[in-house]
Amino acid sequence: MGFWNKLFGKKNTSESAWDEVANSRDTINMNDPYLREQYVISCLEQMKDASDEIDRINDEYATVTSYLTDMEEIEALPAEDKADLEKIARNIHDLRKYHEKYVQTPSLMTDKEYDKMEAIASEAQEGIEKLTREEDYKAKVKSDLARIDTERTAYDMRRREVSRDLENSRGVAVIAMVAAAVLVVILFMLQVFLKLDVAIGYYITVGITAVAITLIYIKYTDFVREKKKIESTANSLILLENKVKIRYVNNKNLLDYLYTKYQVSSAAELKDLYTRYLKERENRRSFEKNEAAYETETAKLLRRLRAMRIKDPDVWVHQSDAIYDNREMVEVRHNLIGRRQKLRKQLEYNQEIASEARDEVKDVIRRYPEAADSLMETVNKYGQH
């Protein structure tokens with residue numbers, strides 16, 4: 001246990017010793033002129049560093065003290081002046097909060113999108129309407145093309161059916177004629193060889209054949225007329241389809257141009273961009289107004305503070321909440337007092353370092369009178385730098 005205590009005790013002593021400057025000559029051969037001079041120079045450097053640090057600390061100490069004095073001046077202001085300052089400070093607080101909220105809120109669009117929309121803002125609404133109209137027209141034209149294509153398909157199918165019916169009609173007519181001829185031959189043979197009276201048979205055959213041929217002819221002519229009508233309609237559909245296709249191509253080319261012009265792929269996209277642009281523009285303008293108001297209020301605060309002979313008015317722009325919020329003022333005062341205490345501690349430390357180093361130099365000169373002139377020359381030279 002004693003071993004660990006010694007080990008850690010030694011470590012703590014070393015760490016605490018880092019804050020201490022020891023001007024010890026025990027390990028230096030002071031009879032050596034060179035080492036003696038280097039020791040004095042080391043002390044002079046300590047004095048120089050400590051002096052520079054003391055100057056810096058004094059400046060900072062004066063600044064902190066000035067802040068505290070300004071704070072007391074503000075707290076001691078007449079009620080009317082204090083109320084005026086508090087009103088300005090509250091305005092600055094609100095404007096700063098708006099600034100922070102705006103900065104932390106994601107933008108509705110990128111700067112690139114905003115710049116693009118700003119360039120076409122004057123014609124964006126017209127572009128949306130034009131794109132919407134052309135897209136609706138495109139849908140209508142495509143619907144017309146689909147309907148025409150369906151009708152053409154139906155007419156093609158019907159034309160093939162009518163063509164088959166015409167072929168069938170011709171076939172039936174041939175069959176009817178052949179059948180009539182066969183019946184006539186049979187009747188003739190019966191009349192010649194069997195001496196039968198087949199006159200009625202002739203009449204019936206001729207009558208049936210005439211009726212059949214007449215019906216077939218009527219049907220055939222109906223099919224011919226229907227085929228002509230179908231072909232005429234089909235041709236009309238082809239012409240109409242070509243006309244609609246031309247409209248479709250023109251519409252497509254126009255849409256491609258408009259998409260390129262507005263750098264979008266649809267009217268919906270342009271509308272979304274424009275809607276977001278209007279909102280973003282409103283937000284940015286509000287932010288710009290807020291920033292302008294913030295500059296105005298801070299300038300007003302600085303004028304008021306200077307008129308009240310506050311030495312460091314700029315500081316209060318960044319801690320304006322303390323002007324109207326007593327808790328903030330207490331916190332600021334506590335921080336300043338803490339800073340001043342630390343500065344005082346640093347000042348005392350460096351004064352002690354400078355004093356010890358000065359005493360060391362004097363003691364060395366006193367102990368080694370034979371080297372006094374040389375050492376004083378070193379001191380004077382160092383003091384000139």
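Observations, loosely collected:
- Just one of the listed residues (Val264, Val224) is modelled with pLDDT of 80 or more and not acidic (Asp, Glu), and it is Val264.
- Hits in the stretch 193-208 - residues which are surrounded by 10 or more Cβ atoms within 10 Å (Cβ to Cβ) and at pLDDT below 80: Leu196, Val198, Gly201, Tyr202, Thr205
- Only listed residue being farther than 30 Å from Leu85 by Cα, touching a helix residue (DSSP H, G or I) at 6+ places or on another chain (Cβ under 8 Å) and crowded, with 17+ Cβ neighbours inside 10 Å, chosen from Lys245, Lys271: Lys271
- Selection status of Leu336, closer than 30 Å to Arg96 by Cβ, in a helix (DSSP H, G or I) and touching an Asp or Glu at 6+ places or on another chain (Cβ under 8 Å): no
- Scan of the stretch 70-108 for residues that are aliphatic (A, V, I, L, M) and more than 30 Å from Arg281 (Cα to Cα), ordered by number: Met71, Ile74, Ala76, Leu77, Ala79, Ala83, Leu85
- Residue list for the stretch 279-300, filter: of a type outside the set (D, E, K, R) and surrounded by 15 or more Cβ atoms within 10 Å (Cβ to Cβ): Phe287, Asn290, Ala293, Tyr294, Thr298
- Pairs are defined by a Cβ separation below 7 Å, a sequence spacing of at least 6 or placement on different chains, a first member in the stretch 174-192 that is part of a helix (DSSP H, G or I), and a second member that is among the hydrophobic types (A, V, I, L, M, F, W, C); the pairs so defined are Ala176/Ala212; Ala176/Ile213; Ala176/Ile216; Leu187/Val198; Leu190/Leu196; Leu190/Val198; Gln191/Val198.
- When Met109 is tested against (1) under 19 Å from Leu302 (Cβ atoms); (2) not in a helix (DSSP H, G or I), exactly one condition is not met: (1).
- Test: residue in the stretch 340-352 that is outside the structural domain of Glu72 (by TED's automatic domain parsing) and either aliphatic (A, V, I, L, M) or modelled with pLDDT under 90 (or both): no
Residue by residue, here is whether (1) acidic (Asp, Glu); (2) closer than 30 Å to Glu73 by Cβ; (3) modelled with pLDDT of 95 or more; (4) in the same structural domain as Met71 (by TED's automatic domain parsing) holds:
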| position | (1), (2), (3), (4) |
| --- | --- |
| Ala268 | no, no, yes, no |
| Glu291 | yes, yes, yes, no |
| Thr298 | no, yes, yes, no |
| Arg304 | no, yes, no, no |
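The values are calculated or read from the model by the stated rules, or taken from the named source; none is laboratory data. For clarity, every value in this text was computed on a predicted model and none was experimentally measured. Don't worry about glycine lacking a Cβ; one is built from the backbone with ideal geometry, like all the others, and counts go over all protein chains shown.
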